[in-house]
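To start, the structure itself, in structure tokens.
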Amino acid sequence: MDPETMMERYEPRLIEPKWQRVWEDERAFSAASPSPGSPRSETTTYVLEMWPYPSGTLHMGHVLVYTLGDVISHFRRRNGMRVLRPMGWDSFGLPAENAAISEGGHPREITERNIVSIKSSMKKIGWAIDWEREIAAHLPEYYRWTQWLFLRFLEADLAYRKESPVNWCPRDQTVLANEQVKDGRCERCGSEVESRKLEQWFFRTTKYADELLESMKELEWPARVLAMQRHWIGRSEGAEVKFRIEQLGEDVPVFTTRPDTLFGATFFVLAPEHPLVERLDSDEVRDYVRRAVAKRAAERAAAAEKTGVFTGLYATNPVNDEQLPVWVADYVLLDYGSGAVMAVPAHDERDHEFARRYDLPVRTVVAPVGGDVPVSGAFSAHSESEVLVDSGAFTGLSAPEGKEAIVAWLAERGLGEATTNLRLRDWGFSRQRYWGCPIPVVYCDTDGIVPVPDAELPVVLPDVDDYLPRGQAPLASAEEWVQTSCPACGGPARREVDTMDTFVDSSWYFIRFCDPGNDGAPWDRAPVDFWCPVDQYTGGVDHATMHLIYARFFAKALNDLGLVGFREPFRRFFGNGWVQMDGTKMSKSKGNVIGPDELVELYGADPVRLYILFIGPAEQDMDWTEGGIEGMTRFVRRLWRVVHEVVALEPVGSGDGELARKAHRTIAKVTDDIGRRYSFNTAIAAVMELVNEIGRAPDAPGARFAAETAVSLIQPYAPHVAEELWTVLGHERLWEQAWPVVDETMLEHETLELVVQVNGKLRDRLRIPAATPDDELVSLALASAKVRAYLNGAEPRKTIVVPGKLVNFVL
RNA sequence: GCCGGGGUGGCGGAACCGGUCAGACGCGCUCGACUUAAAAUCGGGUGGCCCUCGGGCCGUGAGGGUUCGACUCCCUCCCCCGGCACCA
């Protein structure tokens, strides 16, 4: 192909590899480490997207999230900021292990092969990534420090081991965190989750529950994500009240958010799994419990009817010494509150339903002021404006006063106290699988749980022959590895064979990026203090109650351990939507799946990058269509042509005409859309408008300025073609050029359209000089023949003037 | 049920603080130019209804309201998506 033709046609295959090579040679996007002691400043910025799991190929979701991050990082760099924008691999986890099981091979080989392939795809899209900081969770030089951090958590009692009922996935043969169970099913494979009692490792996430809620107000995160976290943590205010069961010699605590209704309690309920239930000597109760426990959680939740059985026991209501029959019922959950409730059927819907079914009394104790006490047996929802009735010495108090007074009365007598309850559970992170970070402890008959000394890290994941999960961790079969000596006494000991949840790896990876090569510590404080916390984090909202809570927990814990200087890891978070291809119905079996590699091959990286952000608002789900990408190719070609036309015609001067004004308005719009509004689609539309206008008058004064502006503004989205056209325009190194600056005086049109309304209806539009003083607008409007026709000689009752925009006459 | 987000042309979407006949930008469709022809490209048109071709009326899920003026604010309701769900 001769040079002439190359100049005339847009050829992504030629220009994209060319510029990718230049950036690599120039180390254009490598973030230099800060010099010792250099302080973090306003112009330091850490831009990060959630690191990918290295599955075989990229998908369009990756294209969206990393292009988004790319636009932000280019934009910030060109606005004079020093940008850290790294990439790494969340490379431990089940898919590689499952692939090893079904196809043979080692998860490590599969993972590393995938990394090579996915990285090469990423490079072809031309993302501005600092590849010199690449890290991977599965490498010993990374997981050594995951283990090291675990040991610090263990020392600080932020990690502990206990037996507890856990979510068990029968298919993946492993424990799942609560966060990984959706609708009673395994989030990953969809199997129905079972409950098992196992010894497990936990992180004490609940210790930070209050702070996790409280510091949300510092975060610039989408409301939906914060709402999800708030609900997940589920803090509720109430009281713990002790009910004595004399026959068992026990004080049984219950949690209630309605201590004001204590006088309305008419029975008492224990969860079927409650420890006290085991002590009951009744065939009827044992039989009921067996059936209730056998039901899986999902079935129990879906059950239409609440069921239960009377135990023959009575519990004493501490406020009036009434004897309440004790029932065992499946609607009470063991793992919330204390696993027992006081039942107030008049003021709790569930208790009411149960009371109706088993014909238990319903006693109203809260009623509207001055109103009638509801008919006995009715259910009444709570209202803050109601007062206590039939409540002994507390009768007549308002509901909030009653709450306070009753709790105070209980507290004085040691019968209860104000407390809060959480829905959040501690994070169980033991996994009975192979491809994860080994937990660095040993079990010794004499010394119990003994941490592996720091000097012996990493505990290297040994090779095993058989990854097939059998309910015990595959590592248990590596007998030589398992047998070790106790670091404390030197006697025989066995290694922990469970591995860590991969969310542990991803709870601290963003810190490691600041000091990726450190082999003496997980990180040094200086580079971390310089870059962290992450200023702009981007990823899927599906991680709202998993990764995004775990990482926040880690930041707080690491800060308390004195290891980092921040307590929130991600100041701003943007949650991107899902990408579907042609209405989700693409499938491998139909052979109509087109991946990013083929699209880049077919259309070029720039049109793909542009289109993924042009489809719609990036926070919404979107649908990729073939037709849409072709439109984007047309736009890039039009830009290409327009720039060459402008260069050939050599329009004189920057001009102050409409084209230059349009360019300045576009700068303002694009800057605001990218920098403040996260409105990536409308920024592209604005540049399209500008290019369309240049195309209509490529020889007009200001055309050259407008063309340069268009190329400069589109660079974060389409860096290859922008760089190429920048050289056509006679410049170089666009990626490090300052972002265009708006001339405020150029934002207005030379003339503007004055809208004239009569009674709010548009009746005429007048083109007037932009500089027309406001007080002349009315007389100009009145001069309009059309307007006079509508006024019909009448004097306007009222005249509204919006400067520079409209005049409205009200008759 | 509770919490969060939405309902705008044939389609994706725009309208940012209540103010330029709502519909930017793009897709699709359509007419035209170029071509032997097609593709590509370029130019015009494209919310609905009526029309004497000047324009008129209606129109942002439904119904009310506030306002000179409402896609935008308030009330009532319907529908869709996401999260949680016997959480006491």
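The charge dipole of the range A:484-544, taken about the Cα centre with unit charges on the Cβ atoms of Lys, Arg (+1) and Asp, Glu (-1), comes to about 260 debye, rounded to the nearest 20.
Express in whole angstrom the spacing between the alpha-carbon centres of the range A:305-341 and the range A:119-163. What the calculation gives is 47 Å, centre to centre.
Entry note, chain A: the mean residue ellipticity at 222 nm calculated from DSSP H runs of n ≥ 4, each adding -39500 (n - 2.57), is -11000 deg cm²/dmol after division by the residues and rounding to the nearest 500.
For the peptides A:684-692, A:475-483, A:326-334, residues were scored by their other Cβ atoms within 10 Å and the scores averaged per peptide; the highest-first order is A:326-334, A:684-692, A:475-483. Just check the range A:135-248 against the gyration tensor rule for me: Cα atoms, a ≥ b ≥ c as the square roots of the eigenvalues, rounded for a/c under 1.5, and otherwise prolate or oblate depending on whether a/b exceeds b/c. Rounded shape, in that the Cα axes give a/c under 1.5.
In this Cβ point-charge picture (+1 for Lys and Arg, -1 for Asp and Glu), the range A:674-811 has a dipole of about 960 debye about its Cα centre.
The modelled label-to-label distance between A:Lys162 and A:Glu218, using points 7 Å beyond Cα along the C-beta direction, is 2.8 nm.
A full extension of the chain between A:Thr395 and A:Val742 corresponds to an added length of 118.0 nm, given 0.36 nm per residue minus the alpha carbon distance. Summarised in one figure, the compactness ratio Rg/Rh of the range A:9-82, Cα atoms and Kirkwood Rh, is 1.03. If the segment from A:Val22 to A:Asp656 were pulled out straight at 0.36 nm per residue, it would be longer than the present Cα-Cα gap by 224.7 nm.
Along the axis of the charge dipole computed for chain A (Cβ charges of +1 for Lys and Arg, -1 for Asp and Glu, origin at the Cα centre), the listed residues A:Pro259, A:Ser338, A:Gly804 are led at the positive end by A:Gly804. For the range A:662-716, what Kirkwood radius comes out of the mean inverse Cα-Cα distance, in Å? 11.0 Å is the Kirkwood radius here.
If you take the alpha carbon atoms of the range A:582-727 and fit the smallest convex hull around them, that volume is 101 Å³ per residue. For a straight C-alpha distance cut-off of 20 angstrom, the aspartates and glutamates reachable from A:Lys182 (same-chain residues fewer than eight places away being disregarded) are A:Asp172, A:Glu192, A:Glu194, A:Glu299, A:Asp335, A:Asp426, A:Asp501, A:Asp542.
Protection proxy ranking of A:596-609, A:241-254, by the mean of other Cβ atoms within 10 Å over each peptide's residues and highest first, is A:596-609, A:241-254. In percent, rounded to a whole number, the relative contact order of the range A:250-362 is 39, using alpha-carbon pairs under 8 Å and six or more apart. Rounded to 0.05, the FRET efficiency of the A:Gln483 and A:Arg676 pair, given R0 = 56 Å and the Cβ-Cβ distance, is 0.40.
Counting Cα-Cα pairs of chain A in 10 Å increments starting at 0 gives whole-percent bin shares of 2, 11, 16, 18, 16, 14, 12, 7, 3, 1, 0. One compactness figure for the range A:668-773 is 1.33, namely its Cα radius of gyration divided by 2.2 N^0.38 Å. Taking each of A:Lys761/A:Lys786; A:Lys662/A:Lys761; A:Lys124/A:Lys669 in turn, the alpha-carbon distance tops 24 angstrom for A:Lys662/A:Lys761; A:Lys124/A:Lys669. The phi-based Karplus calculation (6.51 cos²θ - 1.76 cosθ + 1.60; θ = phi - 60°) puts the 3J(HN,Hα) values of the range A:24-35 at 5, 4, 7, 6, 4, 10, 7, 8, 5, 5, x, 5 Hz, whole numbers, x for Gly and Pro. Taking every DSSP bridge with both residues inside chain A, close to 75 percent are antiparallel.
Stretched out straight at 0.36 nm per residue, the stretch from A:Arg108 to A:Ala685 would grow longer than its current Cα-Cα span by 203.3 nm. May I ask which residue of A:Cys532, A:Leu422, A:Thr499 lies farthest towards the positive end of the charge dipole of the range A:410-543, with charges of +1 (Lys, Arg) and -1 (Asp, Glu) on Cβ and the Cα centre as origin? The listed residue farthest towards the positive side: A:Leu422. The mean sequence separation of alpha-carbon pairs under 8 Å and at least six residues apart, normalised by the residue count of chain A, gives a relative contact order of 14 percent.
Between the helical axis of A:605-614 and the longest alpha-carbon principal axis of chain A there is an angle of about 60 degrees. Computed from the Cα positions only, the extents of the range A:89-152 along the three principal axes stand at 39, 34, 14 Å, in decreasing order. Calculated FRET efficiency, A:Val810 to A:Thr625, Cβ-Cβ distance, R0 = 56 Å: about 0.70 to the nearest 0.05.
Taking the Cα centre of chain A as origin and assigning +1 to Lys and Arg Cβ atoms and -1 to Asp and Glu Cβ atoms, the resulting dipole is close to 1660 debye.
Panel values: the range A:378-489, Kirkwood radius from alpha carbon pairs, Stokes-Einstein at 25 °C and 0.890 mPa s, translational diffusion coefficient 123 µm²/s. Would you mind getting me the FRET efficiency between A:Ile800 and A:Asn79? Use the beta-carbon distance for r and R0 = 56 Å, nearest 0.05. That gives a FRET efficiency of 0.90.
Counting only the Cα atoms, the range A:606-662 fills a convex hull of 107 Å³ per residue.
If you fit an axis through the alpha-carbon atoms of helix A:626-649 and take the longest principal axis of the Cα set of chain A, what angle between them do you get, 0 to 90°, nearest 10? Its long axis makes an angle of about 30 degrees. Mean silhouette area of the range A:195-265, derived from the convex hull of its C-alpha atoms and averaged over all directions, reads 8.7 nm².
Taking the inverse of the mean 1/r over every pair of distinct Cα atoms in the range A:748-811 gives a Kirkwood hydrodynamic radius of 11.6 Å. Relative to the dominant Cα principal axis of chain A, helix A:703-714 is inclined by about 20°. Relative contact order for the range A:667-811 using alpha-carbon pairs under 8 Å, separation at least 6, rounded to a whole percent? Once normalised by length, the contact order is 16 percent. For a straight C-alpha distance cut-off of 17 angstrom, the lysines reachable from A:Lys123 (same-chain residues fewer than eight places away being disregarded) are A:Lys18.
Read the figures in this text as sums done on the coordinates, not as results from a lab. As the structure is a computational prediction, the values presented were derived from the model and not from experiment. Every residue, glycine among them, receives a Cβ derived from its backbone with ideal geometry; neighbour counts consider all protein chains shown.
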